[in-house]
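A quick write-up on the structure given underneath.
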Amino acid sequence: AIQFAARHNLQYFPKSSFTYTVVRSDMANAFVLPGNHVFIMTGLFRYVKDEDELAAIIGHEMAHNLARHAGEKMSESLAKNLLTQFMLLLDPSGALAAIFLPATTLLR
């Protein structure tokens, strides 16, 4: 992993820098938050056949963190919120926001 990260100009995270939390839920999901926090929902355990499949899912979530996907989504959300507040100052009825905010999804 260290060599791969160096070859691809990625920051390497030793395994001790991640926290893993199992959330009791019927939902089958896993996600990662900035700061190396990986969450696994217990509903996912119904679908994984063995430890290897679970490890693949956890690795997938860790890769999202390496690629900074969660941070990108948070930045995008902040930008949309600021744009909405600005439009509501210009047009308190919300009509301007209703027209332009759906178009922001095309900018991704």
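Leaving ligands and nucleic acids out of the surface, order Phe39, Phe18, Phe45 by accessible area at 1.4 Å, largest first.
Phe45, Phe39, Phe18
Run the 1.4 Å probe and let me know the accessible area of Met27, rounded to the nearest 10 Å².
Surface open to solvent at Met27 totals about 110 Å².
How much accessible surface does Ile58 have with a 1.4 Å probe, in Å² rounded to 10?
Probe radius 1.4 Å; accessible area of Ile58 about 40 Å².
The values are calculated or read from the model by the stated rules, or taken from the named source; none is laboratory data. Note that the structure is predicted; figures quoted are calculated from it, not measured. Keep in mind that these areas ignore ligands, DNA and RNA; they rest on the heavy atoms of the full protein, side chains included. Shrake-Rupley method; radii C 1.70, N 1.55, O 1.52, S 1.80 Å.
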